[in-house]
Structures are given as structure tokens and as C-alpha cells.
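Visitor: Here it is, the structure in full.
The values are calculated or read from the model by the stated rules, or taken from the named source; none is laboratory data. Every value quoted in this text rests on a predicted model; they were computed, and no experiment measured them. Glycine also receives a Cβ, built like all others from the backbone with ideal geometry; neighbour counts cover every protein chain displayed. To get the accessible areas, we keep the full protein, side chains included, count just its heavy atoms, and leave off ligands, DNA and RNA. Shrake-Rupley method; radii C 1.70, N 1.55, O 1.52, S 1.80 Å.
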Amino acid sequence: MQNTSLAGLSRKEAEVFSRLDSARLPKHIAIIMDGNGRWAKRRHLPRIAGHRRGADSVRDVVQTASRVRIPWLTLYAFRSRT
């Protein structure tokens, strides 16, 4: 297993990363984002609260992917009117 210490990782992230073989990490990750409005609705919150939470999640994913050196990240977002 190849371990590479990466600056900027939280303690928890560093612990998880230390168990990974960095040579086997994917070069490209694609994520389909869906359900922010439904997430908010189930919690009796306005849709915008779900979109804000989704934006926070996107930020976390992008930053973590960068810190663990995933070179390509694709995020798909769809809008529904339900």
C-alpha cells in the first residue's frame, strides 16, 4: 500500500487517507446531485435551505477531492419543478 501524506487534510481525513492505496484512487469521479428540494421538504424547510445545504456539500466534495489529488471531478445538477 502506498501512503502519501497530504497537507490540508483534517485529522479524520488523514486517518482515512492513510489506509488507502493512493495509486488506486480514481482519476475521475462523477456525481449526480439530486434531492436538495426533497431534503428540505422532509424537514419542513424552504427549498432554498436544501439548495444551500447542497452547495455546502459540493464545496466539501470539491475541497476534499482536491486535497486527495483527484484530478477530474464532474458534478451533474438537475432542476425539477416538483
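Visitor: Which pairs do you get when a residue that is among the aromatic types (F, W, Y), found in region 31-50, comes within reach of a residue that is open to solvent by 100 Å² or more (accessible area, probe 1.4 Å), reach meaning Cβ atoms under 8 angstrom, with the pair 6+ apart or on two chains?
Guide: W39/R53
Visitor: If you scan region 5-24, which residues turn out to be free of Cβ contacts under 8 Å to residues at least 12 places away in the same chain, in a loop (DSSP other than H, G, I, E, B) and surrounded by 14 or more Cβ atoms within 10 Å (Cβ to Cβ)?
Guide: Selection gives nothing.
Visitor: On the basis of being at pLDDT 90 or above, of a type outside the set (F, W, Y), open to solvent by 60 Å² or more (accessible area, probe 1.4 Å) and in contact with a Lys or Arg (Cβ under 9 Å, 6 or more places away or on another chain), does P71 make the cut?
Guide: For P71, the condition - at pLDDT 90 or above, of a type outside the set (F, W, Y), open to solvent by 60 Å² or more (accessible area, probe 1.4 Å) and in contact with a Lys or Arg (Cβ under 9 Å, 6 or more places away or on another chain) - is met.
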